[in-house]
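Notes for the one structure printed next.
The values are calculated or read from the model by the stated rules, or taken from the named source; none is laboratory data. This is a predicted model, so every value here is computed, not measured. Methodologically, a virtual Cβ is constructed for each residue, glycine included, from the backbone with ideal geometry; neighbour enumeration extends over all protein chains shown. Side chains included, ligands, DNA and RNA excluded: accessible areas come from the protein's heavy atoms. Shrake-Rupley method; radii C 1.70, N 1.55, O 1.52, S 1.80 Å.
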Amino acid sequence: MDINPTDPKTDLNKPELYINRDLSLLEFNKRVLAQAKNTSVPLLERLNYLCISCSNLDEFFEVRVASIIEMASIDPNAISADGTTPQEQLAKIGVHAQELVADQYVVLNEVLIPELAKENIRFIRRKEWTKAQHQWLTHYFNEELLPILTPVGLDSAHPFPRILNKSLNFIVSLTGKDAFGRNSGRAVLQAPRGLPRVIQLPPEETKSGPHDFVFLSSIIHEFINELFTGMNVTGCYQFRVTRNSDFFVDDDAIDDLLLAVQGELAMRNYGDEVRLEIDANCPEDKVSFLLERFRLSRDRLFLVNGPVNLNRLQEVNDLLDRPELKFQPFKPSIPPQLAKDKDIFAAIRKNDILLHHPFESFSPVVEFLRQAADDTDVLVIKQTLYRTGADSPIVAALIKAARAGKVVTVVIELRARFDEKANIDLASKLQEAAVHVVYGVVGYKTHAKMCLVLRREGKDLRNYVHLGTGNYHPKTAQIYTDYGLFSCDKELGEDVRRVFAQLTSLGKVTKLNKLLQSPFTLHKGLLEKIERESNHAKNGKAAKIIIQVNAIVEEQLIQALYRASQAGVEIKLIVRGICCLRPGVPGISENIEVRAVIGRFLEHARIYVFANDGHQEVFASSADLMSRNMFKRVEVCFPIESKRLAARILHDLNLYLQDNSQVWFLQPDGSYRQLPRNGGEKTVQAQTLLLCELQA
């Protein structure tokens, strides 16, 4: 790398200093898939990791690949931070994605299916069906499938059907003629989404094992002739199309955001094709036919050795009661101050309270709103909702509060990707209960996690706030690691009130006391704090930065971290997913270490720690270090001012920095490696240790 680090004119914009964000995201999916191979993980959880890697890859094509394809058509000469054009990015993505998909099917066929069979969990292939199984499956096909399957013969009167995004389909080749003397030689069969993709064989009727399954695709292959009476099926092959599922809402040309989002949702299942998966046994003429129909080139073709929708194998987990093959259940704890004091407002008045999910329960957040709904002294409740659910207890509490006559305002982000429909339904449900619902600011997603309760106490009004790094979603709070802070600090409460005023009304940016907020002060504030650490290091003062986030992409912040490294600042980055910063470059980033932890829970917290010459600052935030979080979203970053709570977060971070079991280190070439442990070295698993420390 031709870089002179001692030259003050060293160009930190050099493409060599940046890892491609999409290749970095594929690296994350490789780490997820590695969990499916990890023999220390319970077997059914390994199957789940395989499914997650497939689901993640689906979304990668639906959103990221789709956007690069669009960029290639709009501006083919556009250059990303790593110096590549859209077409060059697509070529690299194609190579890495093909390797990942091939590995997924190797893991399924050569690792998991044999291991599951040892536990008497079997996927029975057609050639292995016994007479009793075949008889039962014949009945199942005739009663459950035949009435709802609708094959389409392809001819001038029956054009190629519209294929739903990520649906299971079959291309069928035929000989002979039907009752009208027709035969084009081809037909297409679409499997309705409501059908299960794996069917459990009943032991008492089929003399099967207790956990024997058959793929839906196998049943359709076996009985496909029944759908074409009097004709001969000469071939039947699965295929699946992935489409562009990101949608565009023109912020400058809409009068009603709700109607605009609803209109785009109707088209999501029929966006442009971006990937085609086909059974590896499919003949070349059928492959070419499908590629031509979907206007896709060979580099978007994936020939697979197994079911084309592996993520649907998660259904098996739901059908099996085998606790010994799953993660051991745990009971999250309640902080002592909340366990002792049933009045949550009284507990918050005594001290700020920190929750670390899922090790600590999400129930205090629900209880905070429930008590607010019942408390006659509570006048106002304001809440942001990004991902939650219409049946959430959070929503029930908000509705109860509104019906009790309190002023309840909810800011719902309609454009939370893949939750748009749920959020539209949620908005309607809240509005029916007289909740004041707004959709934030057009052009900026509201991603901040905030709740404010205004309570009358004697002659005074007091703001109680909850601020978090994750969504107000009780279910994901059981599997995502996040922090939440309860406080009634006056200045913090006033800051939250002002941010809500921005979201629900009109007005200029107001100065905030303690919060950093995007798109106004967060980016600048983080740059200033990183620069301050650089100055401390140059002056021989204590300087260190620890950051835990989901992604690091934004170039100015990466360059600030490079400069801090050059100044001698020790920088520890814990990044779950994308990291475009390249560590270990001599003279540039040799003081930066980047690690990723993949464990039982999805790392989701955003924490920023600055040593500040002994006056340490700890912040938690809803924002990652991405351009969208800094400039196109409403985010908040809040200080953890209690020394006791800040020490707790530092303790947690230190566990992650000591982890030698579930940690992967980012290499200068963009790959990740798990470093071998020294002989006799004690195993450290951060998530496991936190479970031991914090569960009830």
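Here is how the numbers come out for the structure above:
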quantity	calculated
Residue in the stretch 154-173 that is in contact with a Ser or Thr (Cβ under 6 Å, 6 or more places away or on another chain), in a strand (DSSP E or B) and over 18 Å from Pro307 (Cβ atoms) present	yes
Within the stretch 533-577, considering residues that are among the small types (Gly, Ala, Ser) and not in a loop (DSSP other than H, G, I, E, B), the one farthest from the chain's Cα centre (by Cα)	Ala537
Residue in the stretch 625-640 that is assigned to a loop (DSSP other than H, G, I, E, B), at pLDDT 95 or above and of a type in the set (S, T, N, Q) present	no
Any hit, the stretch 611-619, residues being aromatic (Phe, Trp, Tyr) and in contact with a Pro (Cβ under 7 Å, 6 or more places away or on another chain)	yes
Residue identified as of a type outside the set (Ser, Thr, Tyr), at negative phi, surrounded by fewer than 21 Cβ atoms within 10 Å (Cβ to Cβ) and not in a helix (DSSP H, G or I) among Ala34, Ala91, Ala78	Ala78
Single condition Pro151 does not satisfy, out of (1) out of contact with any strand residue (DSSP E or B) (no Cβ under 9 Å at 6 or more places or on another chain); (2) surrounded by 13 or more Cβ atoms within 10 Å (Cβ to Cβ)	(1)
Some residue of the stretch 432-454 being at pLDDT below 90, under 21 Å from Phe500 (Cα atoms), touching a His at 6+ places or on another chain (Cβ under 6 Å) and of a type in the set (Ser, Thr, Tyr)	no
In the stretch 136-167, the residues that are hydroxyl-bearing (Ser, Thr, Tyr) and within 19 Å of Thr229 (Cβ to Cβ)	Thr138, Thr150
Among the candidates Ser53, Ser67, Ser73, Ser40, residue that is open to solvent by 40 Å² or more (accessible area, probe 1.4 Å), over 28 Å from Gln556 (Cα atoms) and hydroxyl-bearing (Ser, Thr, Tyr)	Ser40
Enumerated strands (runs of 3 or more DSSP E) restricted to the stretch 410-520, each holding at least 3 residues that are under 17 Å from the mean Cα position of the chain (by Cα)	480-487
Test result for Glu222, at pLDDT 95 or above, among the charged types (D, E, K, R) and open to solvent by 40 Å² or more (accessible area, probe 1.4 Å)	yes
Residues of the stretch 581-596 classified as in contact with a helix residue (DSSP H, G or I) (Cβ under 6 Å, 6 or more places away or on another chain) and either among the β-branched types (Val, Ile, Thr) or open to solvent by 10 Å² or more (accessible area, probe 1.4 Å) (or both), total	4
Test: residue in the stretch 585-602 that is in a strand (DSSP E or B), touching a Phe, Trp or Tyr at 6+ places or on another chain (Cβ under 9 Å) and among the basic types (Lys, Arg)	yes
Residues that are among the small types (Gly, Ala, Ser) and within 22 Å of Asp82 (Cα to Cα), drawn from the stretch 24-64	Ser24
Restricting the stretch 96-110 to residues that are under 20 Å from Val65 (Cα atoms) and polar (S, T, N, Q), the residue that is farthest from the chain's Cα centre (by Cα)	Gln98
Filter pass, Ile68 being within 20 Å of Cys580 (Cβ to Cβ) and either assigned to a loop (DSSP other than H, G, I, E, B) or under 21 Å from the mean Cα position of the chain (by Cα) (or both)	yes
Residue in the stretch 164-175 that is open to solvent by 30 Å² or more (accessible area, probe 1.4 Å), at pLDDT below 95 and over 25 Å from Gly271 (Cα atoms) present	yes
Pair list, Cβ under 8 Å, 6 or more apart: the stretch 322-336 residue without any contact (Cβ under 8 Å) to a residue 12 or more places away in the chain, other residue open to solvent by 80 Å² or more (accessible area, probe 1.4 Å) and part of a loop (DSSP other than H, G, I, E, B)	Pro323/Pro329
Count of residues meeting criterion [surrounded by 21 or more Cβ atoms within 10 Å (Cβ to Cβ), in contact with a helix residue (DSSP H, G or I) (Cβ under 6 Å, 6 or more places away or on another chain) and either closer than 20 Å to His536 by Cβ or not aliphatic (A, V, I, L, M) (or both)] in the stretch 608-658	5
Hey, Thr39 modelled with pLDDT under 95, of a type outside the set (Gly, Ala, Ser) and out of contact with any Gly (no Cβ under 6 Å at 6 or more places or on another chain) or not	no
Among residues of the stretch 567-576, those that are surrounded by 22 or more Cβ atoms within 10 Å (Cβ to Cβ) and out of contact with any His (no Cβ under 9 Å at 6 or more places or on another chain), counted	3
Selection from the stretch 131-141 of residues that are within 26 Å of Leu189 (Cβ to Cβ) and open to solvent by less than 60 Å² (accessible area, probe 1.4 Å)	Gln133, Trp136, Leu137, Thr138, Tyr140, Phe141
Count of residues meeting criterion [among the β-branched types (Val, Ile, Thr), touching a Leu at 6+ places or on another chain (Cβ under 9 Å) and without any contact (Cβ under 8 Å) to a residue 40 or more places away in the chain] in the stretch 59-74	0
Asn678 vs. criteria free of Cβ contacts under 8 Å to residues at least 60 places away in the same chain, open to solvent by 20 Å² or more (accessible area, probe 1.4 Å) and outside any helix (DSSP H, G or I)	yes
Matching residues in the stretch 662-674 - criterion: being open to solvent by 30 Å² or more (accessible area, probe 1.4 Å) and either within 16 Å of Leu689 (Cβ to Cβ) or touching a Phe, Trp or Tyr at 6+ places or on another chain (Cβ under 6 Å) (or both)	Trp664, Arg673, Gln674
The stretch 105-130, subset among the polar types (S, T, N, Q) and open to solvent by 50 Å² or more (accessible area, probe 1.4 Å), residue farthest from Asp279 (Cα to Cα)	Asn120
